[in-house]
Amino acid sequence: MSVEHLQEVKLGALVRSKRTITYGIVQPGNNTPNGHLLIRSKDYSRGWCSTEKMMRVSDEIEKPYSRSRVAEGDLLITVVGANIGKIAVVPPWLDSANISRSVARISIDPEKSDPRYVRQFLEGGVSRLIWINSLGGAQPVLNLESLRKFSIPAIPLPEQKKIAEILSTWDDALEKLDDLIATKERQKHGLMQQLLTGKKRLPGFGKSWVEKRLGDLFSNRKEAKRSDLPLLSITMALGVVDRDELVKKDSSNADKSKYLRITLGDIGYNTMRMWQGVSALSTLEGIVSPAYTICTPGDGILGEYAAHLFKLPKTISLFHRYSQGLVSDTLNLKYPNFAQIEVTLPDDIKEQQAIASILDTSDQEIALLKKKRDAIDDQKRGLMQQLLTGKVRVKLEDSAA
């Protein structure tokens, strides 16, 4: 049976009596010890944080918003900000907590619909709702009235429960992978802090570390007029990639004569965002926008080692300090200032190589886990498309059996 043969119901018609879809406290004021727990989007954007890390508001501020208190099993959805569209289920230990202005509470009546089914359907369709709500606006938002009017196929309740059970197994697998990825990333961060600062030395290396200026370790590649080479881009998450691999609209100039050549072993960084750590070691040859600075490692530093060193928070702090500009939007780190920065590193290239190899292995493990997660997520989305639209109907056990 296809979706057009299924009746639909508005999300607003599925909530509990007297518990409309609503957001919470607009101005929470200062954090109040022993006050009322306040749930913000960041408290669940990467899994629930502990109550010790959550904000508390005074009873005086919270009481007028008693209508937005949550109950165990309620759905929460971020309606504005960086985590817009993120959905979470209220755990039992947050029963009666309140929510902030950026979060909406959806309290589904279990006699009308299965909250787990509603959550899955929202996760599958909320991106389009965000897109519709953001038309003509600078910041994406989720309008509460649009949420209330959001249509959901009225699949019979027993079938909803079965669908929710099926999809929950995929969610469990994704959650376990998320936890494992987070653990591996913490371990990588710890390794960086130990190995890139010399706090922990690898066996077999005892030669002292040296302090050098980046200008003594790198030269500035300024080769232009190479429009015969492919267009590349330097990204925070993916490193140096072919520009065609990115989904973003191509905003590059038609005239590529001023674009800079980057080749294997070079490190390129975003001149306007180096204070945020946007740099990468290139494994490709091509050209990039003049908005990037291209650095070629010399004899005193290994490119693979430098790539990790440039992601160390201590080094990024130096990039920020040496960047010029009145506000963050205008900060830039041009090569002459980059060259003045002093870093401490192993004088032995072999030690640099050993450290880089350990950190590279850690990155590869994380990348493989993320690839596995993406594959499972794609499979789940395909299944959702079938189940949540009624294109495929699940079989229920014979109640008389």
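The values are calculated or read from the model by the stated rules, or taken from the named source; none is laboratory data. Because the structure is a prediction, the values reported are computed rather than measured. Cβ coordinates were reconstructed from backbone atoms using ideal geometry, including for glycine residues, and neighbour counts include every protein chain displayed. Surface accessibility is based on the protein's heavy atoms, side chains included, excluding ligands, DNA and RNA. Shrake-Rupley method; radii C 1.70, N 1.55, O 1.52, S 1.80 Å.
Of the whole protein surface, ILE87 contributes about 10 Å² of accessible area at a 1.4 Å probe radius.
Using heavy atoms of the protein chains and a probe of 1.4 Å, the accessible area assigned to TRP209 is about 50 Å². Only Cα pairs under 8 Å and 6+ residues apart enter the sum, and on that basis the relative contact order of segment 1-108 stands at 36 percent.
Return the carbon/sulfur percentage of the accessible area of the chain, one whole number, probe 1.4 Å, all protein chains in place. Roughly 51 percent of what the probe reaches on the chain is carbon or sulfur. Is segment 319-393 rounded, prolate or oblate when judged by the Cα gyration tensor, a ≥ b ≥ c being the square roots of its eigenvalues, rounded requiring a/c under 1.5 and prolate requiring a/b larger than b/c? Judged from the Cα gyration tensor, segment 319-393 comes out oblate (a/c at least 1.5, b/c at or above a/b). Figure note: VAL89, VAL394 ranked by solvent-accessible area, largest first, 1.4 Å probe, ligands and nucleic acids not counted: VAL89, VAL394. Below 8 Å, C-alpha to C-alpha, sequence gap of six or more: please give me the relative contact order for segment 182-280 in percent. Result for segment 182-280 is 26 percent.
Available extension along the chain between LYS10 and LEU326 is 108.8 nm, counting 0.36 nm per residue and deducting the alpha carbon span.
Residues in segment 168-203 near a label at ILE376, defined as backbone nitrogen under 13 Å from the 7 Å Cα→Cβ point? Once the point is set 7 Å along Cα→Cβ of ILE376, 168-182 turn out to lie under 13 Å by backbone N, inside segment 168-203.
Legend: residues LYS53, LYS256, LYS370, sorted from most to least accessible area (1.4 Å probe; ligands, DNA and RNA excluded), read LYS53, LYS370, LYS256. Taking all protein chains into account, the per residue accessible area for the chain stands at 54 Å² (1.4 Å probe).
Each residue of segment 318-331 was assigned a 3J(HN,Hα) from its phi angle through the Karplus curve 6.51 cos²θ - 1.76 cosθ + 1.60 (θ = phi - 60°); the sequence is 5, 4, 5, 5, 8, 6, 10, x, 6, 9, 4, 5, 10, 4 Hz, with glycine and proline shown as x.
Using R0 = 22 Å, the C-beta based FRET efficiency linking GLU52 and ASP179 works out to 0.70. As an exercise, use a Förster radius of 30 Å and the Cβ-Cβ distance of THR296 and SER208 to find the FRET efficiency, rounded to the nearest 0.05. After rounding, the FRET efficiency stands at 0.70. Annotation for ILE166 and SER219: the two label points, set 7 Å from Cα along the Cα-Cβ direction, are 6.2 nm apart. Only lysines eight or more places from LYS10 in sequence, or on another chain, were considered; those with a Cα closer than 18 Å are LYS18, LYS112, LYS149. The relative contact order of the chain, computed from alpha carbon pairs under 8 Å that lie at least 6 residues apart in sequence, is 17 percent.
For segment 74-221, the dipole from Cβ point charges (+1 on Lys and Arg, -1 on Asp and Glu) about the Cα centre works out to 1000 debye, to the nearest 20. Estimated purely from DSSP H runs of n ≥ 4, each contributing -39500 (n - 2.57), the mean residue ellipticity at 222 nm for the chain is -11000 deg cm²/dmol once divided by its residues.
Where both residues lie in the chain, what percent of DSSP beta bridges are antiparallel, nearest 5? List each step's numbers first, then the result.
Working: 41 of 46 bridges.
Of all bridge pairs located within the chain, approximately 90 percent are antiparallel.
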